[in-house]
Each structure stands twice: as structure tokens, then as C-alpha cells.
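The values are calculated or read from the model by the stated rules, or taken from the named source; none is laboratory data. Keep in mind that this is a model prediction, so the values were computed, not measured. Each accessible area value is taken on the protein alone, full model and side chains, heavy atoms only, with ligands, DNA and RNA left out. Shrake-Rupley method; radii C 1.70, N 1.55, O 1.52, S 1.80 Å.
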Amino acid sequence: MTFRVSSLYKYLPAKYVDDFVHKGTVLFRSLSYFRDYEDAQVRGDEFEGTRLHRPQNGLEITLTAKQQKIVLPHSFESTANEDDIFVFCLSTVLSADLAAQFKASACVEIKNPSRFIAGIRAALHRRPSIKSKMLVYGEVKYYTPDEPVIVDWAFPEKIAMSKLSIYIPQQEYRIAFAVNDAFRVENTRLRLVAPGERRPPRATSHPERPFKLGSLAKLSKVHHFS
């Protein structure tokens, strides 16, 4: 695969740099973690793992029995199995502003993304407990709530690789895999949400999957922020 970006950037506290660079410790967190992460919504996103559709003029639906169209004030949500999809988040830009937003004192530049992803793929194949070896990666697709959903609602991997457009400045790049058949087509929960309706409560714990890739020193350059 030809990469559109020449480098990827992982923002993190300086105390974790050694584990990442010299041991290749890569921690995949569940989508539910990022949904519930409380950091003034810099990284936390209540719609993480959900494809939201909220037209400005209301949600138009067709009553098939009468072939009648009506407009509801509701929004449409298609939610993947957030606990069964794991992502590793990076960025395509090196930015002191992003480091400040993420409260990161360092950023590791991955200068060879293809080798890095190949290492993750190999680690995934060494895990017999992870039945599906499907690895999804690429730049996050940003959207606005009023955009038509088309068929994205039915593809959990597309949902996992999308975020609301308010997060565009992060220029996120994701690597993702799933367990328990979570990437299966139409393996999503659909619902209509009324204005003001409360979202489900936050989870009390979030699954994670750590990988050890071995030294990444030859692929990496460390940037520090004061």
C-alpha cells in the first residue's frame, strides 16, 4: 500500500516514550474508552463508535404502509459494539498546539508508517485469542451531523474510522481491529433519539489490548515540548 503521509505522530507523556520507542509497547483501547474519556471533550467524544445523522430540518422518514413521508425532530444513530473494537490513535501532523491540547510533553514521530503497521499486523496474527485478523487503518473521515448516512450505518469499520467534524484539527490517523465479530456488516445498534433524550450511562471499565512490537527506535524520532 502507498501511504499518503510520510510520518505519523503519537502524542504522549514523556514517561511513556521509552516503552513505546524501545519496547514497541502499543496499547489499543476500546472505542468505549474514547467515548467516555473526560478531557473537556478534547479526546473524549460522546458519539465515538456511533454514526450520527441529525438533519437541520428534521429527520424525514417514509411510512411504507401509506407511502407517506413525515418529518421527525429526532436524530438517527447507528452504534457499533464499542467494547469489541480496539483502536490506536495517532495524528498526521506535528503541532505544539495539539501537544498542549492532549497534555502531552512528547511526541514520537513514526517515520516509516508501513513498517509500523506491518509490525502491528504481525502481532495481531500471533494472537490466537483474536479470531479475526482484519486490520483497518487510515486517516479518520470527518463528517457533519446533517450529512446523509448513505450505507455507512451498516459498516462498523467505517463507523470506527469516522468522527464529527469538530475534531478536524486533530488530523487523526487510526489503526483498528475487532473481536467477537464486531466488524460484521450490519452488526450495529440502530435507534431514533428524541431531542433532549439522555444517552446511555458511561461504562465502568473499558477493555484494552496491549501489543509488544519490539524496538521502534530505527523508525522513530522523539520530539519534546516544554
Worksheet item: GNM, the chain, Cα, under 10 Å: largest mean-square fluctuation among PRO128, PRO145, PRO13?
Response: PRO128
Item to complete: Treating the Cα atoms of segment 45-137 as identical point scatterers in vacuum, please give the log10 of the normalised Debye intensity I(q)/I(0) at q = 0.15, 0.22, 0.25 Å⁻¹, two decimals.
Response: -0.89, -1.18, -1.25
Fill in: Rounded to whole Å, sorted largest first: equivalent-ellipsoid semi-axes of segment 79-222, Cα gyration tensor
28, 21, 14
Fill in: Vicinal HN-Hα couplings computed from phi for segment 214-226 (Karplus, 6.51 cos²θ - 1.76 cosθ + 1.60; Hz; Gly/Pro x)
x, 4, 10, 4, 6, 9, 10, 9, 9, 10, 10, 10, 7
Worksheet item: Taking only DSSP H segments of four or more residues, each worth -39500 (n - 2.57), what value at 222 nm results for the chain once the sum is divided by all its residues, to the nearest 500 deg cm²/dmol?
Response: -4000 deg cm²/dmol
Worksheet item: Relative to the longest principal Cα axis of the chain, at what angle does helix 113-125 sit, 0 to 90 degrees, rounded to 10?
Response: 80
Practice prompt. At 1.4 Å probe size, with every protein chain present, just tell me what the per residue accessible area of the chain comes to in Å².
Written response: 53
Practice prompt. Using a 10 angstrom cutoff on alpha carbons, build the Gaussian network for the chain and name the most mobile of PRO55, PRO195, PRO148.
Written response: PRO195
Worksheet, complete the sentence: Quotient of Cα radius of gyration and Kirkwood radius for segment 14-95, i.e. Rg/Rh, equals 1.20
Worksheet item: Which percent of the accessible heavy-atom area of the chain goes to carbon and sulfur, probe 1.4 angstrom?
Response: 52
